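*Asks:* This is the structure I have questions about; it appears just below.
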Amino acid sequence: MFPFWDPVVSPLVLASKAKRIVEIGALRGETTALMLESLGADAELHVIDPVPEFDPAEHEAEFPGQYIFHRALSLDVLPTAGAFDVALIDGDHNWYTVYNELKQLAAGARQAEQPLPLLVMHDVGWPYGRRDLYYAPEQIPEEFRQPYAVKGMAPNRKKLLDEGGMNTTLANAALEGGERNGVRTALDDFVAEHDRPIRQVIIPLYYGLAIAAEHDYLAEHPEIEAMLDRLESNEGRAELLELSEKIRIGETVFNHNYLRMHGEWIDEANGRYLRAMRVALADQGADANSLAVVDAAVRAAYRATQGDIAAIGISDGREVYLRALLDGLRNDSASVFVSNPRSLDTFAHYELADERVNVLEGDDPGSQIAGVGSHLAVLWLGPGVDVDAVVGAAASRIHPGSVVLVDGGGPERAHAVANHVPGAIEHEATGSGITVLQVAAT
């Protein structure tokens, strides 16, 4: 409801000259002081929220006697709370709760012989206008509780999604629509049963805002009726379009910033993970310098191309780092192929032996390459491996951007790669014993 506060909600509250207001589901705490200061010292604000995300004691100390916080369920508070002039409703988003909140607000008004309070209700649009949400399903009587599941939703889909969607961690009604389902349905049912005519204005943006008031209330508050007339006018709709665009831009900027920060957090965590893996492997005897070279080479390959990784003749534990790199680089499609079956024990030791780690069959390294996928991003050849045989067999799988690592031996081994792979450019890997060759992009 917060984006509606300045252009819609606050003007309505001030025009109401309300003496008693109830917030069901606390708005952001910063609006509270503004509201109470504007309404004057004789105004009283009741806030109902069983799990507030701020400290109500601060407001209680600042506005003694004016600010009354109820850390409880709305349906436990409203029956004895008396009548209110304005009700801001943005708490539980299910039919049973909202319908009974409205009935209890009406009962309080009748007992005080005054009109129904001005109702300002959020979430009357998608997704919860016609679908229940249960923060605590066990608190809703079974006969009023829709079948539900902790799954996400998508527009124009009555059923919940098997994967993804909106609010995937919340208990959402299994189906959208039908009787006793959703916030808007609760309002519709209440209005249909109410014994006095009610005017409604629905603002169909940012999950939907409803403003509802009895005709008698509006007769006593012509300024509010004029506000509702303006909201439904062409000028008012134009202003709401501007508000919608302002909200859209704000949400987009927020999401972009969040995704950027989230990506930075993931990259930082992945960097720590890979550094820890290099330290652990070095403690087991792997050469730390060569691991750093392999790290840089694999990153260079995946910046230029995609494909699998093959390590032939590498069986000293360093091959495990290749599988860790796929996780660290957030590559969920490539596989690692190794030539030594005993390597699987090392992969398992680091909990990296999964379906993306494969052992090549055959005794001859040249023939083993036949078991590799059609596109190699990285080919790592260990000391003593017949470079001519392996690279000759793998040449059709090596593409522009692919990297070939030659571990040990003299320059003739690197030259053998260039003989089979035109465009392979050699890079020195000082002190590691590894020669790095990357195929130039075409």
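*Asks:* Could you identify the single residue in Ser339, Ser333, Ser396, Ser315 that is in contact with a helix residue (DSSP H, G or I) (Cβ under 6 Å, 6 or more places away or on another chain), on the phi < 0 side of the Ramachandran plot and surrounded by fewer than 18 Cβ atoms within 10 Å (Cβ to Cβ)?
*Replies:* Ser315
*Asks:* Here's something else I'd like to know. Being within 17 Å of Pro147 (Cβ to Cβ) and in contact (Cβ under 8 Å) with a residue 40 or more places away in the chain is the filter here; which residues of the stretch 179-213 pass it?
*Replies:* Once the filter is applied, which keeps residues that are within 17 Å of Pro147 (Cβ to Cβ) and in contact (Cβ under 8 Å) with a residue 40 or more places away in the chain, the stretch 179-213 yields Arg180, Asn181, Gly182, Thr185.
*Asks:* Given the criteria in contact with a Pro (Cβ under 9 Å, 6 or more places away or on another chain), over 30 Å from Ala43 (Cα atoms) and either crowded, with 17+ Cβ neighbours inside 10 Å or outside the structural domain of Glu220 (by TED's automatic domain parsing) (or both), does Arg131 qualify?
*Replies:* When the stated conditions are applied, Arg131 does not pass them.
*Asks:* Looking at the structure I just gave you, is Leu259 over 30 Å from Leu102 (Cβ atoms) and loosely packed, with under 11 Cβ neighbours inside 10 Å?
*Replies:* yes
*Asks:* Here's a follow-up. Looking at the stretch 193-206, can you tell me whether even one residue there is crowded, with 18+ Cβ neighbours inside 10 Å and in a loop (DSSP other than H, G, I, E, B)?
*Replies:* The answer is yes, given that some residue of the stretch 193-206 is crowded, with 18+ Cβ neighbours inside 10 Å and in a loop (DSSP other than H, G, I, E, B).
*Asks:* Test Gly108 against the criterion of being assigned by TED's automatic domain parsing to the domain that holds Glu220 and surrounded by fewer than 18 Cβ atoms within 10 Å (Cβ to Cβ), and give yes or no.
*Replies:* Judged against the criteria, Gly108 is not a match.
*Asks:* Also, quick follow-up: Can you pull out every residue in the stretch 378-397 that is in contact with a Pro (Cβ under 8 Å, 6 or more places away or on another chain), without any contact (Cβ under 8 Å) to a residue 40 or more places away in the chain and part of a helix (DSSP H, G or I)?
*Replies:* Ala389
*Asks:* Considering Pro79, Pro117, which residue is of a type outside the set (A, V, I, L, M), assigned by TED's automatic domain parsing to the domain that holds Ser16, out of contact with any Leu (no Cβ under 7 Å at 6 or more places or on another chain) and in contact (Cβ under 8 Å) with a residue 24 or more places away in the chain?
*Replies:* Step by step, each of Pro79, Pro117 is checked, and only Pro79 is of a type outside the set (A, V, I, L, M), assigned by TED's automatic domain parsing to the domain that holds Ser16, out of contact with any Leu (no Cβ under 7 Å at 6 or more places or on another chain) and in contact (Cβ under 8 Å) with a residue 24 or more places away in the chain.
*Asks:* Would you point out the residue of the stretch 61-79, among those that are in a helix (DSSP H, G or I) and farther than 14 Å from Ala41 by Cα, that is nearest to the chain's Cα centre (by Cα)?
*Replies:* Applying the filter and picking the extreme gives Ser74.
*Asks:* Further, regarding this structure: What are the residues in the stretch 346-364 that are within 30 Å of the chain's Cα centre (by Cα) and at positive phi, if any?
*Replies:* Selection gives Glu351 alone.
*Asks:* While we're on this one: Just name the residue that is modelled with the highest pLDDT out of those in the stretch 400-418 that are surrounded by fewer than 17 Cβ atoms within 10 Å (Cβ to Cβ) and under 19 Å from His375 (Cα atoms).
*Replies:* Of everything passing the filter in the stretch 400-418, Pro400 is modelled with the highest pLDDT.
*Asks:* Still on this structure, I have one more. Could you list all residues from the stretch 10-36 that are in a helix (DSSP H, G or I) and farther than 22 Å from Pro222 by Cα?
*Replies:* Scanning the stretch 10-36 gives Glu30, Thr31, Thr32, Ala33, Leu34, Leu36.
*Asks:* Follow-up. Pairs under 8 Å by beta carbon, first residue within 13 Å of Leu205 (Cα to Cα) in the stretch 236-265, partner surrounded by 10 or more Cβ atoms within 10 Å (Cβ to Cβ) and aromatic (Phe, Trp, Tyr), six or more apart or different chains?
*Replies:* From the stretch 236-265, the pairs are Leu243/Phe4; Ser244/Tyr206; Ile247/Tyr206.
*Asks:* Condition first: over 29 Å from Pro79 (Cβ atoms) and without any contact (Cβ under 8 Å) to a residue 12 or more places away in the chain. Can you find one or more residues in the stretch 147-159 that meet it?
*Replies:* yes
*Asks:* Please enumerate the residues belonging to the stretch 347-377 that are part of a helix (DSSP H, G or I) and among the β-branched types (Val, Ile, Thr).
*Replies:* Ile369
*Asks:* Restricting attention to the stretch 194-219, and to residues there that are under 33 Å from the mean Cα position of the chain (by Cα) and of a type in the set (Phe, Trp, Tyr), which single residue is nearest to Gly108 (Cα to Cα)?
*Replies:* Checked the stretch 194-219; the qualifying residue nearest to Gly108 (Cα to Cα) is Tyr207.
*Asks:* All but one of (1) of a type outside the set (Asp, Glu); (2) part of a loop (DSSP other than H, G, I, E, B); (3) closer than 27 Å to Glu268 by Cβ hold for Ser315, so report the exception by its number.
*Replies:* Ser315 satisfies all of (1) of a type outside the set (Asp, Glu); (2) part of a loop (DSSP other than H, G, I, E, B); (3) closer than 27 Å to Glu268 by Cβ except (3).
*Asks:* Cβ-Cβ distance below 7 Å, separation of 6 or more or different chains: which pairs start in the stretch 333-348 with a residue that is hydroxyl-bearing (Ser, Thr, Tyr) and end on one that is surrounded by fewer than 16 Cβ atoms within 10 Å (Cβ to Cβ)?
*Replies:* Matching pairs, first to second residue: Ser335/Gly373.
Residue-by-condition table, conditions (1) more than 24 Å from Val8 (Cα to Cα); (2) not in a loop (DSSP other than H, G, I, E, B):
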residue: Ser38; (1), (2): no, yes
residue: Val51; (1), (2): yes, no
residue: Arg110; (1), (2): yes, yes
residue: Leu119; (1), (2): no, yes
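The values are calculated or read from the model by the stated rules, or taken from the named source; none is laboratory data. Small disclaimer: the values here were computed from a predicted structure and weren't measured. Cβ: placed from backbone, ideal geometry, glycine included. Neighbour counts: every protein chain shown.
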